[in-house]
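Q: Can you read through this structure? Questions will come right after.
Derivation of every value follows stated rules applied to the coordinates shown; laboratory data play no part. Just so you know, these numbers come straight off a predicted model, no measurement behind them. Because the Cβ atoms are built from the backbone with ideal geometry, glycine has one as well, and the counts that use them run over all protein chains shown.
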Ligand code: NAD
């Protein structure tokens with residue numbers, strides 16, 4: 001008999017096309033009278049459009065969200081929220097904007113509505129990564145978990161193809177590591193398999209036709225359940241390596257995850273046979289590491305970390321930092337094997 005512990009994260013999820021029309025009702029359900037709409041500068045117009053649709057329930061907008069959730073930006077947004085007497089935050093955008101909403105909610109316990117426009121999956125997790133004085137720290141807290149997620153596939157049609165591909169493979173990484181997590185359980189594993197399969201199906205179609213709504217819907221659905229995986233069980237080598245590389249060399253989030261994932265899977269393959277079998281079935285390929293590498297490369301993702309800005313002399317330092325953090329992983333961490341892994345990823349070679 002299999003024993004397990006499964007804890008569900010509470011959230012209300014609305015999924016479809018044109019669903020941003022329901023945001024006023026969702027704000028009313030939360031009894032929010034003064035909603036502050038957050039976005040990046042690039043998505044300011046969308047934030048203003050949403051605020052206009054909220055009508056009297058909108059308190060205003062703050063379009064200053066940026067990568068890595070700097071505490072200084074959070075403080076600026078908190079001042080705006082306080083001046084406007086906001087009683088809820090609505091984050092529209094990718095993981096960077098969701099991060100800002102979470103950072104505000106962590107400090108104020110204001111309720112959050114998130115309208116995701118990438119496949120980052122942050123909206124489904126109680127996790128917040130923030131940066132201050134060049135240091136990134138991560139925390140998990142129930143206040144961080146958004147109360148409501150409104151997925152509107154229409155908003156994803158503008159997501160550039162290259163970011164759609166890497167953001168989608170970044171989402172798959174959450175589910176891949178959930179399959180071999182220490183806390184793996186049957187509910188999360190079935191979400192993981194379905195999420196991986198949906199994204200593997202959708203991404204080639206989106207690459208060929210970014211306006212394909214069916215594929216966009218599949219990808220967004222996959223991103224959601226992969227995000228649930230990330231928020232429910234612990235991550236392993238792949239995420240720890242990316243956290244290390246991102247912190248040391250400031251590499252772009254989704255492209256870096258895409259380049260590392262096939263190698264992390266190859267590293268763990270022999271130590272996690274059941275997870276690999278599930279992954280093979282979800283991807284429809286005999287070798288999941290090669291399958292993920294081919295999928296990403298065929299969709300023109302950059303597979304060499306050197307092309308994403310990593311310096312060659314950084315490999316040794318990255319290995320020693322990755323080794324110094326104790327964390328659960330199916331295969332024990334071996335410095336030479338990790339150096340080989342990073343060397344292949346650095347050069348963009350196939351996983352071995
Ligand atoms: P992002 O939010 O930085 O967005 C990248 C750019 O794309 C931004 O300029 C944004 O405005 C724009 N954009 C987003 N959606 C668009 C659309 N549909 N059309 C046109 N432009 C669009 O990138 P991301 O990859 O979504 O998020 C990455 C961040 O999220 C990282 O900082 C990462 O650490 C964080 N993250 C956190 C968690 C968590 O659980 N805490 C999970 C995943 C990612």
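Q: Can you tell me the alpha carbon radius of gyration of region 12-156 divided by the globular rule-of-thumb value 2.2 N^0.38 Å?
A: Normalised Rg, Cα atoms only: 0.93.
Q: Students often check this: by mean Cβ neighbours within 10 Å, which of 42-48, 78-84 ranks highest, and how do the rest follow?
A: Packing order, densest peptide first, comes out as 42-48, 78-84.
Q: Can you sort 267, 151, 327 by how many other beta carbons sit within 10 Å, fewest first?
A: 327, 151, 267
Q: Tell me the angle of helix 95-108 to the major Cα principal axis of the chain, expressed in degrees between 0 and 90 and rounded to the nearest ten.
A: It is inclined by approximately 60 degrees.
Q: Mean residue ellipticity at 222 nm from the helices of the chain, using -39,500 (n - 2.57) per DSSP H segment of n ≥ 4 over the full residue count, to the nearest 500 deg cm²/dmol?
A: Computed mean residue ellipticity for the chain: -16500 deg cm²/dmol.
Q: Round to the nearest 10 and give me the degree value, 0 to 90, for the angle of helix 237-249's Cα axis relative to the longest principal axis of the chain.
A: Here the helix axis deviates by roughly 70 degrees.
Q: Can you say what percent of the DSSP beta bridges in the chain, counting only those with both residues inside, are antiparallel? Round to 5.
A: In the chain, DSSP labels about 20 percent of beta bridges as antiparallel.
Q: When only C-alpha pairs under 8 Å and at least 6 residues apart count, what is the relative contact order of the chain, in percent?
A: Relative contact order comes out at 15 percent.
Q: Please give, to one decimal in nm, the separation of the simple spin-label points placed at residue 343 and residue 1, each 7 Å out from Cα toward the Cβ.
A: 5.0
Q: Got a sec? How would 97, 3, 158 order by Cβ neighbour count within 10 Å, fewest to most?
A: 3, 158, 97
Q: Moving to a separate point now. Can you compute log10 of I(q)/I(0) for region 161-347 with the Debye formula, treating each Cα as one identical point scatterer, at q = 0.09 Å⁻¹?
A: -0.28
Q: Report the far tail of the P(r) of region 234-273, meaning the percent of Cα-Cα pairs longer than 14 Å.
A: Looking at region 234-273, the distances longer than 14 Å represent 45 percent of pairs.
Q: Hey, another quick one. Between region 1-43 and region 57-73, what is the C-alpha centre distance in whole Å?
A: Taking the Cα centre of each part, region 1-43 and region 57-73 sit 18 Å apart.
Q: So how tilted is helix 335-347 from the main axis of the chain? Cα-based, degrees 0 to 90, rounded to 10.
A: 70
Q: Still on this structure, please answer the following. Within a 10 angstrom radius of the beta carbon, how do 263, 257, 49, 239 rank from fewest other beta carbons to most?
A: Neighbour counts put them in this order, fewest first: 49, 239, 257, 263.
Q: Looking at the chain from every direction and averaging, what is the projected area of its Cα convex hull in nm²?
A: So the Cα hull casts an average projection of 16.5 nm².
Q: Then there is this: How much length would be gained if the chain were fully extended between residue 277 and residue 48, taking 0.36 nm per residue of separation minus their Cα-Cα distance, in nm to one decimal?
A: 77.8 nm
Q: Now for a different question. Taking the Cα centre of each part, how many Å lie between region 161-205 and region 107-148?
A: Between the Cα centre of region 161-205 and that of region 107-148, the gap is 20 Å.
Q: Still on this structure, please answer the following. If I stretch the segment between residue 300 and residue 312 completely, what's the gain in nm (0.36 nm per residue apart, minus their alpha carbon distance), one decimal?
A: Contour length minus Cα-Cα distance gives 2.1 nm.
Q: Give the span of region 18-58's Cα atoms along each principal axis, as three whole-Å numbers ordered largest to smallest.
A: For region 18-58, the Cα extents along the three principal axes come out at 29, 22, 14 Å.
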